[in-house]
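Undergrad: Here it is, the structure, as structure tokens.
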Amino acid sequence: MLTIGVDIGGTKVGAGVVDDEGRIVHEALRPTPADRPDLVAETVADVVRELAEGREIEAVGVGAAGFVDETRSMVRFAPNLAWREEPLQKKISGLIGLPIVVENDANAMAWGETRFGAGRGQSHVVCVTLGTGIGGGLVFDGSLYRGRWGMGAELGHMQVRPGGRPCGCGQTGCWEQYASGNALVIEARELAAERPEDARILLGLAGGKIEGEEVTEAARRGDAVALAAFDTLADWLGQGMADLAAILDPGCFIVGGGVSRAADLFLDRARKTFAERLTGNGHRPLAEIRLAELGASAGVVGAADLARLR
């Protein structure tokens, strides 16, 4: 049985035809019309039509960054797209005539990783996606946990420092302001301004404006400030996972997202911090902390599989 998974991001719409073993057999890509929500459904429909040509497609799963309602049909709010109460399922279905399931993109990633990636064989999984912000997904007893209103697992918006850095959600001190790609850049910029003598490599690479790629490259070259920024991210990540473990008691954490490509610079330290900060440490099993395996395709694979299981 073939289904199509679609991952709507802030800059691109990625999609693929996925078989029941989680293999992508054909892919396509489109730019996201982020400032025109009325065109996003048409973009998705266009890429689905391309992929469906000459194939028997059962259903389509769409992963979207935002609050997806409990019926898996409407995006109530999306921080990086101009969606407010957007009836995405109805719009896309009307254009292509196939069954549509809409899901939060981090939930789709979590499902894909649990079914076919780093979480295979695990029954209680917490996925943490480190990108511009932090996304999350929970799979418990083999089922995706969505919450009463479909908006559960917004892990990045745990408030870890009341009155801290302002967040795009309207609150302050959210976890994603300290353990995400944006947080890494903010930390590096602040440290470089305080300690320019320790940031020569970083400042040389940045040429005026520090971004994530420069921080990673500088850290690999031994820049003290870049390494310190990664250490700070690792400590916040480990602390946040320890807090989540105290509440959820998972058997496994899966860390993915774009920042995870630099996992060699922070994941071991995050594991160490997690073990040190975990309540009851020494008297309970430690959850494994694994690196995601499916990469950028996790959301597509997960969305397609959720459509199959609708």
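The values are calculated or read from the model by the stated rules, or taken from the named source; none is laboratory data. What you are looking at is a predicted structure, and each value in this text was computed from that prediction instead of being measured. Here the Cβ positions follow ideal geometry from the backbone for every residue, glycine too, while neighbour counts run over all protein chains shown. All accessible areas refer to the heavy atoms of the entire protein, side chains included, with ligands and DNA or RNA removed. Shrake-Rupley method; radii C 1.70, N 1.55, O 1.52, S 1.80 Å.
Undergrad: Could we say that G282 is in contact with a strand residue (DSSP E or B) (Cβ under 8 Å, 6 or more places away or on another chain) and at pLDDT below 95 here?
TA: no
Undergrad: Here is a follow-up. For G156, all conditions in the list (1) under 24 Å from the mean Cα position of the chain (by Cα); (2) under 30 Å from F77 (Cβ atoms); (3) free of Cβ contacts under 8 Å to residues at least 60 places away in the same chain; (4) open to solvent by 30 Å² or more (accessible area, probe 1.4 Å) hold save one; what is the number of the exception?
TA: Going through (1) under 24 Å from the mean Cα position of the chain (by Cα); (2) under 30 Å from F77 (Cβ atoms); (3) free of Cβ contacts under 8 Å to residues at least 60 places away in the same chain; (4) open to solvent by 30 Å² or more (accessible area, probe 1.4 Å) one by one, G156 breaks only (4).
Undergrad: Any residue in the stretch 19-32 that's farther than 13 Å from A298 by Cα and of a type outside the set (D, E): show its pairings with residues that are open to solvent by 80 Å² or more (accessible area, probe 1.4 Å) and in a strand (DSSP E or B) at Cβ separation under 7 Å, as long as the two are six or more apart or on different chains.
TA: L29/K12; R30/K12; P31/K12; T32/K12
Undergrad: Right, G112: among the small types (G, A, S) and open to solvent by 60 Å² or more (accessible area, probe 1.4 Å) or not?
TA: It is false that G112 is among the small types (G, A, S) and open to solvent by 60 Å² or more (accessible area, probe 1.4 Å).
Undergrad: For A234, all conditions in the list (1) surrounded by fewer than 20 Cβ atoms within 10 Å (Cβ to Cβ); (2) without any contact (Cβ under 8 Å) to a residue 40 or more places away in the chain hold save one; what is the number of the exception?
TA: It is condition (1) that A234 fails.
Undergrad: Of V215, V259, V225, V255, which residue is surrounded by 19 or more Cβ atoms within 10 Å (Cβ to Cβ), over 30 Å from P99 (Cα atoms) and over 22 Å from the mean Cα position of the chain (by Cα)?
TA: The conditions single out V225.
Undergrad: While we're here: List the strands (runs of 3 or more DSSP E) that sit entirely inside the stretch 1-108 and contain at least 2 residues that are farther than 20 Å from G136 by Cα and of a type in the set (A, V, I, L, M).
TA: It comes to 2-8, 12-18, 24-31, 57-64.
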